[in-house]
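**Student:** Quick one: structure below, then a few questions.
The values are calculated or read from the model by the stated rules, or taken from the named source; none is laboratory data. The shown structure was predicted, so the numbers you read here are calculated from the model rather than taken from an experiment. Heads up, the Cβs are rebuilt from the backbone with ideal geometry, glycines too, and the neighbour counts pull from every protein chain shown.
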Amino acid sequence: MTEETSGSEGSHTHLTKSRLEALSDGIFAFAMTLLVISLSVPDKDTLVSSNTYALQTLIGLYSGFEHYALAFLILGAFWLSQHMQFHSVRTPDKIFTWINLLTLMFVALLPFSSSFSGAFSGVPVGAMVFETNLLLIGMGLSLQWWYATDNNRLTETTLTPAYIRKVRIRNLIVPAVSFVGILFALSGNTWSSAIYMTLPVVFYLVERAIR
């Protein structure tokens, strides 16, 4: 039975896993490319041709560079996580497909939230928009994995319960860090997005704890 004919008629999408993967890869690539819009040079009419002004302008783009790097690296991690999840999925059904589409909607929104956060780097709301966007992407990926692996609904039966649990916990790391960042922003801190710098350490500690 092929991917296009398997599955129950009520939940079947007539959409192969490869096409859904191609759509996801395209949107991730597009969003990662568009992140550069957060780095904007002043209008030519206001530019002053001097090394001092150029250096001041470059320094002024620090916040934009920070959010660009954070968003690009985290999106890359999300893409790798989704690629790993798709590898374990046999055939997507309608619910899985719609969860994926909603997740991709928030992926495509990240260039805006990154640019908005960089433009309002001194305002907590700016950071909250960025952090909420990352939280929603992470929760979307977590929901995808939970739905696909619940009683091995869509995944290979060779997946062990320990592996399924490990991925579920790992998927919640970015949403959890984002939630803490939002709490910091609500308390008035304008540097709350810096909390994502702790992600490598958090991933390392969690990986060791769930071995």
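**Student:** Quick one: in segment 157-190, of everything that is touching a residue at least 40 places away in the same chain (Cβ under 8 Å), of a type outside the set (S, T, N, Q) and in a loop (DSSP other than H, G, I, E, B), which residue is surrounded by the fewest Cβ atoms within 10 Å (Cβ to Cβ)?
**Tutor:** Among those residues, the one meeting the criterion is Gly188.
**Student:** Can you say whether Glu156 is in contact with a strand residue (DSSP E or B) (Cβ under 9 Å, 6 or more places away or on another chain) and either under 19 Å from Leu39 (Cα atoms) or acidic (Asp, Glu) (or both), as far as the supplied structure shows?
**Tutor:** yes
**Student:** Mind listing just one residue for me: the one in segment 81-93 that is hydrophobic (A, V, I, L, M, F, W, C) and part of a helix (DSSP H, G or I) and, of those, surrounded by the most Cβ atoms within 10 Å (Cβ to Cβ)?
**Tutor:** Restricting to residues being hydrophobic (A, V, I, L, M, F, W, C) and part of a helix (DSSP H, G or I), the top hit is Phe86.
**Student:** So which residues in segment 108-123 are surrounded by 22 or more Cβ atoms within 10 Å (Cβ to Cβ) and under 16 Å from Gly181 (Cβ atoms), if there are any at all?
**Tutor:** Leu110, Ser113, Ser114, Ser117, Gly118
**Student:** Step by step: first the residues of segment 58-80, then only those that are of a type in the set (A, V, I, L, M) and surrounded by fewer than 19 Cβ atoms within 10 Å (Cβ to Cβ), then the one that is modelled with the lowest pLDDT. Which residue is that?
**Tutor:** Leu61
**Student:** Kindly check whether there is at least one residue in segment 177-193 that is farther than 20 Å from Ser113 by Cβ and of a type in the set (Val, Ile, Thr).
**Tutor:** no
**Student:** Still on this structure, please answer the following. Would you mind telling me which numbered condition in (1) in contact (Cβ under 8 Å) with a residue 60 or more places away in the chain; (2) of a type outside the set (Ser, Thr, Tyr); (3) over 27 Å from Leu15 (Cα atoms) Phe112 fails?
**Tutor:** (1)
**Student:** Being within 20 Å of the chain's Cα centre (by Cα) and among the polar types (S, T, N, Q): is that true of Ser187 here?
**Tutor:** It is false that Ser187 is within 20 Å of the chain's Cα centre (by Cα) and among the polar types (S, T, N, Q).
**Student:** Is it true that Thr149 is in contact with a strand residue (DSSP E or B) (Cβ under 6 Å, 6 or more places away or on another chain) and either over 20 Å from Ile195 (Cβ atoms) or part of a helix (DSSP H, G or I) (or both)?
**Tutor:** yes
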